[in-house]
Amino acid sequence: MTTIARTGARLTGRGSSRPDRAFRIGARSAALLVVGLLVVLLALLVTGGAEALGRFGIVGFISGTTWDPVRDVYGALPYIVGTLASSTIAILIATPIALLTAVYLAELAPRRVAIALTFLVELIAAIPSVVIGLWGIFVLTPFLRDTVEAPLSGALGGSLPIFAGPPLGVGLFAAGVILAIMILPTIVSISREVIASVPGGQREAMFALGATRWEVVTRAVIPFARSGIIGAIILGLGRALGETMAVTMVIGNGSAVPHSLFDQAQTISSQIATTFPEAQAGIQTSSLIALGLVLLALTLALNAAARLLVARSTGGER
């Protein structure tokens, strides 16, 4: 057998040595283990939440607006709305800031400055969420109440219901701002790496045609890195959906469906964290587990949508 034939046999699996077989088995086992963990988690949530879903129905539980342990009536809509609204606010605030920061670090900043700023941005991710929550209570919420919410409520509250209500500082808007700060490092770090990996030929070709720096970034760099930037934003949104402690400390823990940015609200994660330790066994515990199942379903739907967006974006580039 020639060298080429032996190499082909190894690549196709024929004549593989024991280390090769062990490697394939180990890699396959690890992949199956990850999938198995997800399946087990899903099965536990379905089993634990079956009592609540059976009593109220899936649609009834998701659309219910009352969470009353005294009457054993549980509805998840206020917490679903709080979760989606706070995460949406966070993405709307964080995305432009993170994208501009990533472009500056990858394209405009001197190397020494870029290294220092990148370290400082990534350092935000290492701050414990409870510390960010404390900062939110004592610094952020008074600032938002006096300088942002009060002027917006006074000027626009009468005509736009989304800005109506008393400016308390603690509420849905403060939770969205806290989440925006927490997801910034994720979006910035991934976007910067994706932008930096754009081939230099893309830039040089645009410069050779007389393009300005702005045109190079917007017409050559960003379109080439679009799929990676979308993935970074989706990862940031995924973290925002599941964040608990910092949000719990500034969102106000309201139990009604929020109708204004300044309303006090609650997310699925914060409701589970604050209620589960004192929950009574039975329908209340089952309802909290069903809330966790809803959050998992939202996360899976988000990841599926992200895969479609990235695949469509990549297909468009090709």
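The values are calculated or read from the model by the stated rules, or taken from the named source; none is laboratory data. What you see is a predicted model, and the numbers here were worked out from it, not measured in a lab. With ideal geometry, Cβ positions are generated from the backbone for all residues, glycine too; neighbour counts draw on all protein chains shown.
Suppose we filter Arg203, Arg145 for residues that are outside any loop (DSSP other than H, G, I, E, B), over 20 Å from Ser87 (Cβ atoms), modelled with pLDDT of 90 or more and among the basic types (Lys, Arg); which single one remains? Working first, answer last.
Numbers: Arg203 fails: modelled with pLDDT of 90 or more.
Sole residue among the options that is outside any loop (DSSP other than H, G, I, E, B), over 20 Å from Ser87 (Cβ atoms), modelled with pLDDT of 90 or more and among the basic types (Lys, Arg): Arg145.
Criterion first (of a type in the set (S, T, N, Q) and in a helix (DSSP H, G or I)) does Ser189 satisfy it? Walk me through it before giving the result.
Values: of a type in the set (S, T, N, Q): yes; in a helix (DSSP H, G or I): yes.
For Ser189, the condition - of a type in the set (S, T, N, Q) and in a helix (DSSP H, G or I) - is met.
For the structure I just gave you, tell me whether Gly236 is under 30 Å from Gly75 (Cβ atoms) and touching a residue at least 12 places away in the same chain (Cβ under 8 Å).
yes
Can you go through Val221, Val188, Val177 and tell me which one is hydrophobic (A, V, I, L, M, F, W, C), modelled with pLDDT under 90 and either surrounded by 19 or more Cβ atoms within 10 Å (Cβ to Cβ) or in contact with a Ser or Thr (Cβ under 6 Å, 6 or more places away or on another chain) (or both)?
Going through Val221, Val188, Val177 in turn, just one is hydrophobic (A, V, I, L, M, F, W, C), modelled with pLDDT under 90 and either surrounded by 19 or more Cβ atoms within 10 Å (Cβ to Cβ) or in contact with a Ser or Thr (Cβ under 6 Å, 6 or more places away or on another chain) (or both): Val221.
For the range 7-29, enumerate the residues that are among the hydrophobic types (A, V, I, L, M, F, W, C), modelled with pLDDT under 85 and surrounded by 12 or more Cβ atoms within 10 Å (Cβ to Cβ).
Ala9 - this is the single residue of the range 7-29 that is among the hydrophobic types (A, V, I, L, M, F, W, C), modelled with pLDDT under 85 and surrounded by 12 or more Cβ atoms within 10 Å (Cβ to Cβ).
Residues in the range 154-168 that are part of a helix (DSSP H, G or I) and in contact with a Phe, Trp or Tyr (Cβ under 6 Å, 6 or more places away or on another chain): how many?
Total satisfying the criteria: 1.
Residues in the range 272-286 that are exposed (fewer than 11 other Cβ atoms within 10 Å of the Cβ) and in a helix (DSSP H, G or I): how many? If you could, list the steps in order and put the result at the bottom.
At the first step, the residues of the range 272-286 found to be exposed (fewer than 11 other Cβ atoms within 10 Å of the Cβ) are 277-278, 280-281.
The next check asks that each one be in a helix (DSSP H, G or I); those that pass are 277-278.
Matching residues across the range 272-286 total 2.
Scan the range 61-85 for residues that are assigned to a loop (DSSP other than H, G, I, E, B) and among the charged types (D, E, K, R) and jot them down.
Of all residues in the range 61-85, those assigned to a loop (DSSP other than H, G, I, E, B) come to 64-66, 69-72, 75-76.
The answer is Arg71, Asp72.
Within the set of pairs 6+ apart or on separate chains, which have a first residue in the range 271-287 that is closer than 19 Å to Ala50 by Cα, a second that is surrounded by 11 or more Cβ atoms within 10 Å (Cβ to Cβ) and of a type in the set (Val, Ile, Thr), and C-beta atoms under 7 Å apart?
Going by the 7 Å Cβ cut-off, the qualifying pairs are Ala279/Thr285.
Just one of Gly228, Gly292, Gly236 is under 22 Å from Ile62 (Cα atoms), in a helix (DSSP H, G or I) and modelled with pLDDT of 85 or more; which is it? Outline the logic, then answer.
Details: Gly228 fails: under 22 Å from Ile62 (Cα atoms); Gly236 fails: under 22 Å from Ile62 (Cα atoms).
Sole residue among the options that is under 22 Å from Ile62 (Cα atoms), in a helix (DSSP H, G or I) and modelled with pLDDT of 85 or more: Gly292.
Would you point out which residue out of Leu302, Leu298 is surrounded by 14 or more Cβ atoms within 10 Å (Cβ to Cβ), modelled with pLDDT under 85 and either assigned to a helix (DSSP H, G or I) or of a type outside the set (Val, Ile, Thr) (or both)?
Leu302
Listed here are the residues, each with its yes/no results for (1) in contact (Cβ under 8 Å) with a residue 12 or more places away in the chain; (2) in a loop (DSSP other than H, G, I, E, B); (3) surrounded by 15 or more Cβ atoms within 10 Å (Cβ to Cβ); (4) not aromatic (Phe, Trp, Tyr).
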residue	(1), (2), (3), (4)
Val35	no, no, no, yes
Leu42	yes, no, no, yes
Gly48	yes, no, yes, yes
Val59	no, no, no, yes
Pro96	no, no, no, yes
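Of the residues Val148, Val139, Val103, Val131, which is over 24 Å from Pro199 (Cα atoms), surrounded by 13 or more Cβ atoms within 10 Å (Cβ to Cβ) and among the aliphatic types (A, V, I, L, M)? Give the steps one after another, and end with the answer.
On the way: Val139 fails: surrounded by 13 or more Cβ atoms within 10 Å (Cβ to Cβ); Val103 fails: over 24 Å from Pro199 (Cα atoms); Val131 fails: surrounded by 13 or more Cβ atoms within 10 Å (Cβ to Cβ).
From the options Val148, Val139, Val103, Val131, the qualifying one is Val148.
Any residue in the range 102-131 that's touching a residue at least 40 places away in the same chain (Cβ under 8 Å) and at negative phi: show its pairings with residues that are outside any helix (DSSP H, G or I) and charged (D, E, K, R) at Cβ separation under 8 Å, as long as the two are six or more apart or on different chains.
Every condition considered, the pairs that remain are Ser129/Glu243.
Which residues, taken from the range 247-266, are under 21 Å from the mean Cα position of the chain (by Cα), of a type in the set (Val, Ile, Thr) and not in a helix (DSSP H, G or I)?
Ile251
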